[in-house]
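Data block below; observations after.
What follows is calculated from the coordinates using simple rules that are stated; it is not laboratory data. Here the structure is a predicted model, which means the values were calculated and not measured. All Cβ positions, even for glycine, are placed from backbone atoms using ideal geometry, and neighbour counts span all protein chains on display.
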Amino acid sequence: GSDKVKINNNYIGVNTSLDGDLGNLQGIYLLGVNGVEVSGNTISGNDDSGTLVDGGASHKIHDNQIGTAPANGNPAIPNQTGITIYSSSNNQIYPNKISNNTTFGVLLGNSIPSFANGRRPRPAAPPRALTTTVEGNEVYLNDIQNNQIGIALSESAKNNFIGRVPLNLEFQGNR
C-alpha cells in the first residue's frame, strides 16, 4: 500500500518561481493511508486544502510553508485552508508556518463550522478527528471574513492537543 510515504521538499500548488498557483483543488490529499511524513514543502495556491487528511492515522506534518508569502518578496498565494484533518487520529502538526489562507490555518473535525461562509458541511459522521497534536506552529493572518481564525475545531474533533496540553486548559507554543 501507500503507508509510510515521505513527501519532502516540493512546491505543491505553486510554480517554482513562487509567483502563481497551478490550479490544484487539494495540494496533498492523504486518503486512508498511514504514517505519511509531509515536510519541507511549500504548499500554497490550492483551491481547497493545502493538506487534507481523510482516514488513516499517525501522520507527521512539519517544517512546511503553508499559504505563506515567499521569501522572494512576491505576495502570498493562499490556500482556502492550510491543513484539514477530517477523519484521522494520532497526527502531529509541528513547527509549520501557516499563514494567509482564506478560511482557516488548521481545521480539525468532520464538518466545517457553520460560520465558514460558502463552505458546505460534510455529512454527519461519528467523531473521528482524534488525538491530533498541534504544537510550535506559527499560525497567523488566516482570514475568514476578517475574523482571522488560525485553528478551528468542529464538533467531531475530540481529545486533540494544542501546544501539548488538553485543549480545554490553554493554548501554548502557537502564535
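With each label modelled as a point 7 angstrom along the Cα→C-beta vector, the GLU155-ASN8 pair spans 4.2 nm.
What is the gain in length, in nm to one decimal, between ASN74 and THR102 on full extension, counting 0.36 nm per residue of separation less the C-alpha to C-alpha distance?
Computed gain between ASN74 and THR102 is 8.3 nm.
If R0 is taken as 30 Å, the Cβ-Cβ distance between TYR29 and TYR140 corresponds to a FRET efficiency of 0.75.
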